[in-house]
């Protein structure tokens, strides 16, 4: 079965890029040639990004100006909307013998001639409409509404997201599937030198790690305020932040967070690393006292999956999806209450250190989650193809507990 993939995310949204990387890596490491992923990308793509994604692929990427961003992409989209069929993309996929197209946001049209499996990460624009400009909100709404009509199957990463999808877009009912994703750490990250990494970034031995981009909905402002509140109880608590200081929807927000750290004199206790190599993100997650995610909205958190992979304790905003995803022992807090967040930080900091699971057991559990991810994708992909060919209305999907989750 040949499955076509195109790029997701980038420097503006590393979560999308990480999702694609983890999916391709999990499929490759499944050890069964049941799915042959083919990656299609433009000639304008960053070579470093391509190398990161293609290291697990048996076939070289198909590079063509057809997939270029900017004006070329806008022109193709306009034709696809007018004709309700992206004929150029369909022709390119058919020439490579593609059986299924995995799509994210690209509009292929209701008359597209191949089965499509459309992944929607979350429904943040519906849950937090104030985070979006009217134009940005409308683009998302039209795009997701269009996918609910045109996609053969809509793939969600949590039961919480499925409930939202079917509530907001009733036409998606009967064609949704849930597949929680798993992270696929590069082999070297298991042996990453935590002490060496800490020395490289001049970090203390004990720290709480927050590896999220500085987007407004990721709620760094509450984390900084909580750090100020908890100072008297935990004067040595250090919060390490990694991720790009960029927010395309709220360009001034990252600067406000950084200025708040400086204004409150928290520079020594809130260490901002910016974008760092993925291997270092995993190494710091492995060595942390706890990993923190104070986000106001999530689909299925990569941050949480990375911590679970290494058995690192978690402090999470009390969201339904976090409850669905988190392991036992997780500390939850109200993301709208910095004082509640401060209590959770203090609890994590004061908790007696417990021995982490043996490395081999952790690796085995991570491997099992990857296999469930790959097996679940395989099952949903095949059922999507059958459904497209049959034109039936039966529900596609594998229960979350069978294909992933905590």
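Could you please let me know if residue 257 is assigned to a helix (DSSP H, G or I), in contact with a helix residue (DSSP H, G or I) (Cβ under 9 Å, 6 or more places away or on another chain) and without any contact (Cβ under 8 Å) to a residue 60 or more places away in the chain? Here the answer is yes, as residue 257 does meet what is asked.
Looking at residue 121, is it farther than 30 Å from residue 283 by Cβ, out of contact with any helix residue (DSSP H, G or I) (no Cβ under 6 Å at 6 or more places or on another chain), assigned to a loop (DSSP other than H, G, I, E, B) and in contact (Cβ under 8 Å) with a residue 40 or more places away in the chain? Considered against the rule, which asks whether it is farther than 30 Å from residue 283 by Cβ, out of contact with any helix residue (DSSP H, G or I) (no Cβ under 6 Å at 6 or more places or on another chain), assigned to a loop (DSSP other than H, G, I, E, B) and in contact (Cβ under 8 Å) with a residue 40 or more places away in the chain, residue 121 comes out as no. Within the stretch 182-236, the set of residues being out of contact with any helix residue (DSSP H, G or I) (no Cβ under 7 Å at 6 or more places or on another chain), free of Cβ contacts under 8 Å to residues at least 60 places away in the same chain and surrounded by 20 or more Cβ atoms within 10 Å (Cβ to Cβ) comprises 215 only. Considering only the stretch 158-166, I want to know if a residue exists there that is touching a strand residue (DSSP E or B) at 6+ places or on another chain (Cβ under 8 Å) and assigned to a loop (DSSP other than H, G, I, E, B). Yes, the stretch 158-166 contains at least one residue that is touching a strand residue (DSSP E or B) at 6+ places or on another chain (Cβ under 8 Å) and assigned to a loop (DSSP other than H, G, I, E, B). Within the stretch 42-61, track down each residue that is over 14 Å from residue 21 (Cα atoms) and buried (at least 17 other Cβ atoms within 10 Å of the Cβ). Selection gives 42, 45. For the stretch 298-312, filtering for residues that are in contact with a helix residue (DSSP H, G or I) (Cβ under 7 Å, 6 or more places away or on another chain) and either at pLDDT 95 or above or closer than 15 Å to residue 180 by Cβ (or both) leaves 9. Test residue 272 against the criterion of being surrounded by fewer than 22 Cβ atoms within 10 Å (Cβ to Cβ) and farther than 21 Å from residue 351 by Cβ, and give yes or no. Yes. Residues in the stretch 263-278 that are touching a residue at least 24 places away in the same chain (Cβ under 8 Å) and touching a helix residue (DSSP H, G or I) at 6+ places or on another chain (Cβ under 9 Å): 264, 266, 269, 270, 271, 272, 273, 275, 276, 278. The lone criterion from (1) under 24 Å from residue 326 (Cβ atoms); (2) surrounded by fewer than 19 Cβ atoms within 10 Å (Cβ to Cβ); (3) in the same structural domain as residue 40 (by TED's automatic domain parsing) left unmet by residue 165 is number (2).
Return a yes/no flag: does the stretch 62-74 have any residue that is modelled with pLDDT under 95 and at positive phi. There is at least one residue in the stretch 62-74 that is modelled with pLDDT under 95 and at positive phi.
When the residues of the stretch 70-106 are filtered to those that are under 19 Å from residue 17 (Cα atoms) and not in a helix (DSSP H, G or I), the one that is nearest to the chain's Cα centre (by Cα) is 104. Scanning the stretch 177-187 for residues that are under 21 Å from residue 323 (Cα atoms), part of a helix (DSSP H, G or I), assigned by TED's automatic domain parsing to the domain that holds residue 130 and in contact with a strand residue (DSSP E or B) (Cβ under 8 Å, 6 or more places away or on another chain) turns up nothing.
Tell me, which residue of the stretch 260-275 that is outside any helix (DSSP H, G or I) and touching a strand residue (DSSP E or B) at 6+ places or on another chain (Cβ under 6 Å) is nearest to residue 227 (Cα to Cα)?
Step one: of the stretch 260-275, the residues outside any helix (DSSP H, G or I) are 264-275.
Filter again for touching a strand residue (DSSP E or B) at 6+ places or on another chain (Cβ under 6 Å), leaving 270-273.
On the way: 270: 8, 271: 12, 272: 14, 273: 17 Å.
Result: 270.
Given the criteria part of a helix (DSSP H, G or I) and either on the phi < 0 side of the Ramachandran plot or within 26 Å of the chain's Cα centre (by Cα) (or both), does residue 249 qualify? So residue 249 does not fit the description; no. Determine if the stretch 142-153 includes at least one residue that is under 20 Å from the mean Cα position of the chain (by Cα), crowded, with 17+ Cβ neighbours inside 10 Å and under 21 Å from residue 390 (Cβ atoms). Yes, the conditions are met somewhere in the stretch 142-153. The set of residues in the stretch 237-269 that are surrounded by fewer than 16 Cβ atoms within 10 Å (Cβ to Cβ) and within 19 Å of residue 202 (Cα to Cα) comprises 262, 265, 267, 268.
The values are calculated or read from the model by the stated rules, or taken from the named source; none is laboratory data. Bear in mind the structure is a predicted one, so any value in this text is a computation, not a measurement. Methodologically, a virtual Cβ is constructed for each residue, glycine included, from the backbone with ideal geometry; neighbour enumeration extends over all protein chains shown.
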